[in-house]
1. Could you work out how much longer the chain between residue B:531 and residue B:677 gets when fully extended? Use 0.36 nm per residue separation minus the Cα distance between them, nm to one decimal.
2. Taking the Cα of residue A:69, stepping 7 Å toward and past its beta carbon, and measuring to each backbone N in the stretch B:562-591: which are under 15 Å?
3. Could you calculate the FRET efficiency of residue B:584 with residue A:163 from 1/(1 + (r/R0)^6), where r is the beta carbon distance between them and R0 is 60 Å, rounded to 0.05?
4. Of the cross-linked pairs A:208/A:253; A:76/A:138; B:279/B:653, which ones have a Cα-Cα span greater than 20 Å in the structure shown?
5. FRET efficiency for residue B:358 and residue B:127, Cβ-Cβ distance as r, R0 = 41 Å, nearest 0.05?
6. Could you tell me the distance between the Cα centroids of the stretch B:389-439 and the stretch B:151-223, to the nearest Å?
7. So if we plug the beta-carbon distance of residue B:71 and residue B:237 into 1/(1 + (r/R0)^6) with R0 = 25 Å, what FRET efficiency do we get, rounded to 0.05?
8. Report Rg (one decimal) and Dmax (nearest whole number) for the stretch B:58-175, counting Cα atoms only, units Å.
Amino acid sequence: MSATSVTGLAGVQPAPPDSDSGPDEHLLDLTLHVWRQAGSGAEGEMVRYAAPGISTHMSFLEMLDVVNERLIKEGKDPIAFDHDCREGICGMCGLVINGVAHGPQAATTTCQLHMRHFTDGDIIYVEPWRAGPFPVIKDLIVDRGALDRIIEAGGFITAPTGSAAEANAAPVAKDDADLAFDNAACIGCGACVAACPNASAMLFTAAKISHLAALPQGQPEREHRTLAMVAAQDSLGFGGCTNIGECAAVCPKEIPMESIARMNRELLRASLKRGRSKRR
Amino acid sequence: MTVAPEVPSAKPPTAAPHAPPAEAPREAPTRWRVAPADGAALDGHAPSGPITELWDRHRFDMKLINPANRRKNHVIVVGSGLAGAAAAASLGELGYRVSCFCYQDSPRRAHSIAAQGGINAAKNYRNDGDSVYRLFYDTVKGGDYRSREANVYRLAQLSVDIIDQCVAQGVPFAREYGGLLDNRSFGGAQVSRTFYARGQTGQQLLLGAYQALARQIHVGSVTMYSRTEMLDLVVADGAARGIVTRDLVTGEVQSRTADAVILATGGYGNVFHLSTNAKGCNATAIWRAHRRGALLANPCFTQIHPTCIPVAGDYQSKLTLMSESLRNDGRIWVPAKPGDTRSPNEIPEADRDYYLERKYPSFGNLVPRDIASRNAKEVCDEGRGVGPGGRGVYLDFSDAIARLGVEVIKERYGNLFDMYERITGENPYRVPMRIYPAIHYTMGGLWVDYNLMSNLPGLFVLGEANFSDHGANRLGASALMQGLADGYFVIPYTLANYLATAKPPPVGLDHPSFKASESDVAARTGRLLAIGGRRTVDDFHRELGSLVWELCGMSRSAEGLTKLLDQLPSLREEFWTDVTVPGMGAELNQSLEKAGRVADFMELAELLAIDALHREESCGGHFREEFQTPEGEALRDDDHFAYVAGWEWSGEKGSIEPVTSGPLPTPILHKEALRFEHVKFSQRSYK
């Protein structure tokens, strides 16, 4: 099933922007269609579950917790899904909900999405990230180790413990520091890859390149970092960017498309200087 | 007990009957034994001399390992948060062979990532009177005199190096327009010593450590094992020599040998079920190390954060913290009369009780965390709480918005307000936030000496997993500081000294201790899967959590703790006869993972209650209702309790078989006396 074919089946309603005391609690009767897959080699399928009596105050993952509790009590196998901090910062959770990575609310991870954005009777399709470099491990859990490999290839500043200069020795213009932070906010959830029709990781890679290239500490390895990280993402099977922008649209931390443009400039710059580097 | 002769810190168990504690005879029935006085006292191994020179001297006195020999040593690091990632990266850089383990899918996701506020350092960039000594002083005093002075002084010294290190890694701290680092005052401190990166300081510091770790993984000095959980510590011939792990994808159980084992596995806050910890945070590593002989210190020192979003319903899976900085501008109140169900904006000033401002006129809404928390509980107990279930108080920004304008408030707290609205569906610019305290941090943990080594030779414990630096109460923005100090700047020295002096002999997987640990782990897994009962793991976790929160949470009493100690064994027994864990061991099985962790929480909860019952004083995060001043403030008893309580597992240490019926074997109390030579005892006052 393609990730976009089910968009719009459920009547997703954004929260009213001017609500004062918030909507009162309601109970929803929902129907879920969830991707079940026993293991990485197994065939998967969408399985239908009735989910009655879901409180509008629940988070999406709490709704799945409730469904799982019911499944366990019926002697059935619960739905496996990744999650940890449940406050939108660890990047562990990530589901494609009705065809949209992390679901209908902008700038929101799956764990922070709440059921008040759904209405009674909704049919909700829940799928894992789908991308070649993210093989399914079980049900909704995928292996995102490829993102770690990209960072390992060069997404760092070489500063062995103990070697640092006094922190205020190198001032950083506030605008540069802010730019660095905006990009450093990436939580590595992989939604950008899941949303991209090319399964490109360029928003992820560009965020780290932009973060470190904006800082004086990042300059010595600037070219090497860009070349190494881009080579790594290409070798891991991620696709290229064709400027569609689905990645930035689903990014829970609102990393902008502009970062990809910056990465491309960095790549051009690094390629021109490449001859001088002996580093592998 | 497996203690090598060169570490005379813990007394071997003895069959002799124990006399009641001579120094403090008490009538209450005890559920613990005090180790015999002769030689049982714990020695923190802090060097002697002027406190300002201790660490420098100690660094010189410790032995080194030749660079060429470091790679002959294999070191296991469990956990990849600030302490674990910093340790693994630094040790990898030095040339040790390091294996690092985390249960998440990537080391970048450890729960350090969720810390919001900031990190303290005695840089004195603000010229406002800060110094290493002042940070040391504030930390000892803030910890209510239950920490080790030498450790805390070292922490304050290292704080300045941490900021340098993190800036060099590219951590995007907040900056002034002149390009220099910005600071703010945090948690009521009188100096501005907190460095921050918007509301995501923990995330940025962790990514810095993660990237340093990634560099070592790439060059091959560190081997990373993600989605792998430690299920046992292997103690062979008296020393920590390896671990047993379960691959969370395949279910494969494996033993791994090492010359030293470092636990950086975080705190045990999820014993309360609902806490601000991540769902996966667990105490399995430290609890199983405890079962193998490591002392667990001061478990009753748990910290409650006053500003969390209240519980919405039974399905609640965790609690979300709202940064403490909100109290700088928000005013806390509840209706003056119980049962006032009007919406907050309809309640006139005369019918509101700004109880913190009323009771603590000089500190008002900025009283320390424990005082703010207890007062919130008190007004809710009086029936004046607000929101679903009546467990909440208002945090109101309307005055601040009227004074400063909505734009200023948006700039200061916009992210937090957005997060609040996302979770509750309420707009805090128009309606007061509702907040309630929640468990946030655990000061207790495995006992360690000045070298961060437990009583088991070769077992080091870093970060929140140890008990060392925060005493009975941690100051805001000090958790990140301690994790990084331990990982970057302490363990590289003390580990080398251990390896160079103890010279652990080769050990193989054929050693009987490895075989025993493996079969224990397999037996536990098999047992959990075979019960086939009616109740889910989460159901038991919820019941455990509500019991411990109710009877051993914000305030504690002998009566409540005794009740808790009576109820825990039967709950545990029910767990081991009626839990249902679907699926198999040899597959990805999240129910099985949770079941193992909850089983350990059930045992740890009992020791937590015993520690809380034995500590007949109030201090820091431990408030005993019987011990308070006439004004209702915590009343310390420095004559009887100025010590670290290190608890020894008195049962069989050759096995980690669960205790499925009756109470835990009566634990043995080892005391480490605390001496305060620099920071003199004084009682806090925030009136």
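1. My answer for the length gained is 47.1 nm.
2. B:580
3. Once rounded, the FRET efficiency stands at 0.80.
4. B:279/B:653
5. 0.70
6. That distance is 28 Å.
7. Here the calculated transfer efficiency is 0.60.
8. Taking only Cα atoms of the stretch B:58-175, I get Rg and Dmax of 17.0, 48 Å.
FYI, it's all coordinate maths here, none of it is from the lab. What you see is a predicted model, and the numbers here were worked out from it, not measured in a lab. Every residue, glycine among them, receives a Cβ derived from its backbone with ideal geometry; neighbour counts consider all protein chains shown.
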